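S.K.: Please find one structure pasted underneath; my questions will follow.
The values are calculated or read from the model by the stated rules, or taken from the named source; none is laboratory data. Just so we're clear, the structure is a prediction, and the values are computed from it rather than from any experiment. Every residue, glycine among them, receives a Cβ derived from its backbone with ideal geometry; neighbour counts consider all protein chains shown. When the accessible area is computed, the model is the full protein with side chains, heavy atoms only, and any ligands, DNA or RNA have been set aside. Shrake-Rupley method; radii C 1.70, N 1.55, O 1.52, S 1.80 Å.
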Amino acid sequence: MITRVACGALHGVDAFRVDLEVDLTRAGLPAFTMVGLAEGAVREARDRVFAALRNMNFRLPPARITVNLAPADRKKGGSSYDLPLAVGLLAAAGHLQENAAEGYFMAGELSLTGEVKPVAGVLPLAILARNSGARGFLVPVGNAREAAVVRDLDVYAVESLGQAVALLSGNGGPRPGLFSDPAPSLGLKAESASDFADVKGQEHAKRAVEIAASGGHNLLFIGPPGSGKTMLAERIAGILPGLSFEEALEVTKIYSVAGALPPGLGIMEERPFRAPHHTISQAGLVGGGVVPRPGEISLAHRGVLFLDELLEFHKPILEALRQPLESGRVTISRAAQTLTYPAAFMLVGAMNPCPCGHLGDNRKTCTCGKGEIQRYRSRLSGPLLDRMDLHVEVPAVPYEDLSSEEAGRSSAQMRASVEKARTRQKERFSEGLCRTNADLFGRELERHCRLDASGKAFMRDAVRGLHLSARAYTRILRIARTIADLEEQEEILTVHLAEAVNCRTLDRTRL
């Protein structure tokens, strides 16, 4: 008897349909064969499933069993095939009607006792099930809220193989889960213990943060140790606008595939903030590995990636950021497959001005020679530096600011300004391909960043005097557009261009 059970496999952050076919025949010696490019965890499903069936008092007759995972020319990995395999075996052995699983998608790992355990990547699988017109999707209880995010799909949360059998045989079992709609909670900012009001002084740096957050620009802090660079960076995600439902789905798919979705959470409600250590590998930052998975840049999608001690990262790792920063995605090529992960993030870096960290610090004397400083800064290549829209000096905080009881701008105030600027951009780009000013390019840049005669004269002098690259010129226009939005101006004025140029410190201080 041949039975077929619908399931799915992951490819990047999406899923494709897999038909798990089971052929059970009593002709010949008993054997078990699995074909269809099954990787290690899938092949090991045989032992888990047979033990679970035995411990739940389901007996299989001595038979020659062949399992095919179609399409047979694409790799399948993970432990989500345990539940479909168990159901297919039971149907082939006569414990279920032959067509009992018809129309259902299912995913889940089985313990040796028959308990159904959570697996990674359920959200893309649920989207696949909905798009395939499934009558229902059987998932572990731990993945139920995640799968229920997908509208117009009946989700059945099963705790054990016995519950799944009862459901498919019509003898009870779980009913479709009813979960609250996550959409109303998106965009609502929870109170955070980290507030920009706690940052003493550094008002010019807060202004740079406000500009960067408003336009989605990359930002680099340069300053001595203890000047507050990390404090500033850690608070940036708190002033960004809330995720839209579409953005939340994008982010949740990545965390689901990576197995990093917090337990019990159906959808990511806050913009991610990722801060990997400088010892991270290239595969850990960009993605990949023996079993390819999203890296930190993809986990920071639609959020903030903070690289503290930027120049301590290995140079090849930093250079690998160049393409994702331009395209908003990263492509990982292997001999057998090519995967693409989303990676549209706001990059925030922090670095010392020199090896000892005290260049320009009025508290301590810098002990570095000019050659040392050049070699130190050369770790950040010119092309990557050009991709940092704003680079801002963060000097040591004077005692007067530290001891002052006067509160600076709070996160709530900054968030209000950022949301107004983002609203203007949303209206401006409603029919275009851009989301924020940082995405402006080509004709869109020319259309929305037109300069009057005085503005053109100012930029001509700036490009010639500071020896700016074409990429730096483009970024200054984008920053000026964002500053104009913050000031609620339709036209870019010379004062906006001047502030934008001042937001690129390293263009004026090359050694």
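S.K.: Could you grab the relative contact order for the stretch 432-497? Cα pairs under 8 Å, six or more apart, rounded to a whole percent.
M.R.: 43 percent
S.K.: Determine, at each q value in 0.13, 0.21 (inverse angstroms), the log₁₀ of I(q)/I(0) that the Debye formula gives when each Cα of the stretch 309-393 is one equal point scatterer.
M.R.: Ignoring solvent entirely, the Cα scatterers give -0.54, -1.05.
S.K.: Another question about this same structure. Any idea of GLU406's accessible area? Nearest 10 Å², probe 1.4 Å.
M.R.: 150 Å²
S.K.: Share of antiparallel DSSP beta bridges in the stretch 286-389, in percent to the nearest 5?
M.R.: Details: 7 of 11 bridges.
Within the stretch 286-389, antiparallel bridges account for around 65 percent of the total.
S.K.: Estimate the FRET efficiency between GLU490 and LEU402 by the formula 1/(1 + (r/R0)^6), using the beta-carbon distance for r and 41 Å for R0, to the nearest 0.05. Can you show the working numbers first?
M.R.: Working: r = 40 Å, r/R0 = 0.99.
FRET efficiency, GLU490 to LEU402: 0.50.
S.K.: Can you give the local net charge around LYS75? Use residues other than it whose beta-carbon is closer than 11 angstrom to its beta-carbon, Lys and Arg +1, Asp and Glu -1. List each step's numbers first, then the result.
M.R.: On the way: positive: ARG74, LYS76, ARG334; negative: GLU39, ASP73.
Every neighbour counted, the sum reads +1.
S.K.: Continuing with this model, one more query. Between ALA70 and ALA166, what is the spin-label point distance in nm, taking each point 7 Å from the Cα along the Cα→C-beta axis?
M.R.: Placing both labels 7 Å beyond Cα along the Cβ direction yields 3.3 nm.
S.K.: In addition: Please give the direction-averaged projected area of the C-alpha convex hull for the stretch 108-176, in square nanometres with one decimal.
M.R.: Working: hull surface 17.1 nm².
Result: a mean projected hull area of 4.3 nm².
S.K.: A further question on this structure: Which distance in nm do the two modelled labels at THR367 and ARG450 give, with both placed 7 Å along the Cα-to-Cβ direction?
M.R.: Between THR367 and ARG450, the simple spin-label model gives 5.8 nm.
S.K.: Within 10 Å, count the other beta carbons around each residue, average over each peptide in 126-133, 424-431, and list them highest first.
M.R.: Values: 126-133: 19.0, 424-431: 14.0.
Top of the packing list down: 126-133, 424-431.
S.K.: With both partners inside the stretch 1-108, how many of the DSSP beta bridges are antiparallel, as a percent to the nearest 5? Write out the running numbers ahead of the final one.
M.R.: Details: 17 of 24 bridges.
Bridges in the stretch 1-108 that DSSP calls antiparallel: roughly 70 percent.
S.K.: Taking the Cα centre as origin and putting +1 on Lys and Arg beta-carbons and -1 on Asp and Glu beta-carbons, what dipole magnitude results for the stretch 408-511, to the nearest 20 debye? Mind dumping the intermediate values first?
M.R.: On the way: 21 positive and 15 negative charges, 85 e Å.
Dipole size: approximately 400 debye.
S.K.: Contour minus end-to-end for SER281 and ARG464, with contour as 0.36 nm per residue of separation and end-to-end as the Cα-Cα distance?
M.R.: So the chain would gain 62.0 nm between SER281 and ARG464.
S.K.: If the viscosity is 0.890 mPa s and the temperature 25 °C, what translational diffusion coefficient in µm²/s does Stokes-Einstein give for the stretch 393-458 when Rh comes from Kirkwood over Cα pairs? The partial results should precede the final answer.
M.R.: On the way: Rh = 15.6 Å.
Estimated diffusion coefficient is 158 µm²/s.
S.K.: In what sequence, largest accessible area first, do HIS278, HIS95 appear using a 1.4 Å probe?
M.R.: Numbers: HIS278 55, HIS95 80 Å².
Most to least solvent-accessible, the answer reads HIS95, HIS278.
S.K.: Give the distance, in whole Å, between the Cα centre of the stretch 240-287 and the Cα centre of the stretch 383-403.
M.R.: Using only Cα atoms, the two centres lie 27 Å from each other.
S.K.: Find the Cα radius of gyration of the stretch 185-340, compare it with 2.2 N^0.38 Å by division, and give the number to two decimals.
M.R.: Working: Rg = 16.4 Å, N = 156, 2.2 N^0.38 = 15.0 Å.
Rounded to two decimals, the normalised Rg is 1.09.
S.K.: Rounded to whole Å and sorted largest first, list the principal axis extents of the Cα atoms in the chain.
M.R.: Principal extents (Cα only, largest first): 85, 48, 46 Å.
S.K.: Dipole size in debye (nearest 20) for the stretch 32-114 around its Cα centre, Lys and Arg Cβ +1, Asp and Glu Cβ -1?
M.R.: Values: 9 positive and 8 negative charges, 43 e Å.
The dipole magnitude comes to about 200 debye.
S.K.: How much length would be gained if the chain were fully extended between GLN413 and SER111, taking 0.36 nm per residue of separation minus their Cα-Cα distance, in nm to one decimal? Walk me through the numbers on the way to the answer.
M.R.: Values: separation 302, 0.36 × 302 = 108.72 nm, distance 5.10 nm.
Contour length minus the Cα-Cα distance gives 103.6 nm.
S.K.: Further, regarding this structure: Quick one: Karplus J couplings for the stretch 477-483, per residue in order, coefficients 6.51, -1.76, 1.60, θ = phi - 60°, nearest Hz, x for Gly and Pro?
M.R.: Each residue's phi maps through the Karplus curve to give 5, 5, 5, 4, 4, 5, 4 Hz.
S.K.: With +1 on each Lys and Arg Cβ and -1 on each Asp and Glu Cβ, and nothing else charged, work out how big the dipole of the chain is about its Cα centre, in Debye to the nearest 20.
M.R.: On the way: 61 positive and 59 negative charges, 263 e Å.
Here the chain has a charge dipole of around 1260 debye.
S.K.: Taking only the Cα atoms of the stretch 261-343, how large is their convex hull per residue, in Å³? Don't skip to the end; give the middle numbers.
M.R.: On the way: hull volume 9.5 nm³, N = 83.
For the stretch 261-343, the hull spanned by Cα atoms encloses 115 Å³ per residue.
S.K.: Can you find, among ALA350, ALA300, GLY288, the residue sitting farthest towards the positive end of the charge dipole of the chain, where Lys and Arg contribute +1 and Asp and Glu -1 at Cβ?
M.R.: Toward the positive end, the furthest listed residue is GLY288.
S.K.: Report the calculated FRET efficiency for ARG135 and ALA27 (r = Cβ-Cβ distance, R0 = 41 Å), to the nearest 0.05.
M.R.: 0.75
S.K.: Compare SER298, SER469 by solvent-accessible area with a 1.4 Å probe and give them largest first, with all protein chains kept in place. Mind dumping the intermediate values first?
M.R.: On the way: SER298 0, SER469 45 Å².
If we order SER298, SER469 from most to least accessible, we get SER469, SER298.
S.K.: Please work out the ratio of the alpha-carbon Rg of the stretch 204-271 to 2.2 N^0.38 Å and round it to two decimals.
M.R.: Against the empirical 2.2 N^0.38 Å value, I get 1.38 for the stretch 204-271.
S.K.: Sticking with this structure for a sec: Using the Cα gyration tensor of the stretch 348-492, with a ≥ b ≥ c the square roots of its eigenvalues, what is the shape: rounded (a/c below 1.5), prolate (a/b larger than b/c) or oblate (neither)? Write down the numbers at each step before the final one.
M.R.: Details: a/c = 2.28, a/b = 1.38, b/c = 1.66.
Oblate shape, in that a/c is at least 1.5 and b/c is the bigger or equal ratio.
S.K.: Another question, then. Taking the stretch 470-511 as the region of interest, what is the percent of Cα-Cα pairs per 5 angstrom bin, listed from the shortest bin to the one with the maximum distance?
M.R.: Using 5 Å bins, I get a P(r) of 6, 26, 31, 19, 11, 5, 2, 0 for the stretch 470-511.
S.K.: When Lys and Arg each count +1 and Asp and Glu each count -1, what net charge do the other residues less than 12 Å away from GLU309, Cβ to Cβ, add up to?
M.R.: Numbers: positive: LYS229, ARG379; negative: ASP308, GLU312.
Net local charge, GLU309 excluded: 0.
S.K.: Quick one: which of 195-202, 355-362 comes out on top by average Cβ neighbours within 10 Å, and what's the full order, highest first? Working shown, then result.
M.R.: Numbers: 195-202: 19.8, 355-362: 16.9.
Ranked by mean Cβ neighbours within 10 Å, highest first: 195-202, 355-362.
S.K.: How long is the stretch 1-67 along each principal axis, judged by its Cα atoms, biggest number first, in Å?
M.R.: 39, 25, 19
S.K.: Between the stretch 448-511 and the stretch 326-369, what's the alpha-carbon centroid distance in Å?
M.R.: 23 Å
S.K.: Using a ≥ b ≥ c from the Cα gyration tensor of the stretch 79-118 (square roots of the eigenvalues), is it rounded, prolate or oblate, where a/c under 1.5 gives rounded and otherwise the larger of a/b and b/c decides, a/b for prolate? If you can, show how the numbers build up before the last one.
M.R.: Details: a/c = 2.81, a/b = 1.56, b/c = 1.80.
Oblate is the answer for the stretch 79-118, as a/c is 1.5 or above yet b/c matches or exceeds a/b.
S.K.: Kirkwood hydrodynamic radius, the stretch 1-147, all distinct C-alpha pairs: what's the number in Å?
M.R.: 15.1 Å
S.K.: According to the square roots a ≥ b ≥ c of the eigenvalues of the Cα gyration tensor, what is the shape class of the stretch 71-147, taking rounded for a/c under 1.5, prolate for a/b larger than b/c otherwise, and oblate for the remainder? Before the final figure, lay out the partial values.
M.R.: Details: a/c = 1.36, a/b = 1.17, b/c = 1.17.
Here the stretch 71-147 falls in the rounded category.
S.K.: Any idea which of ASN68, ALA93, LEU261 is furthest toward the positive side of the dipole for the chain, if Lys and Arg beta-carbons carry +1 and Asp and Glu beta-carbons -1?
M.R.: Positive-most Cα among the choices belongs to ASN68.
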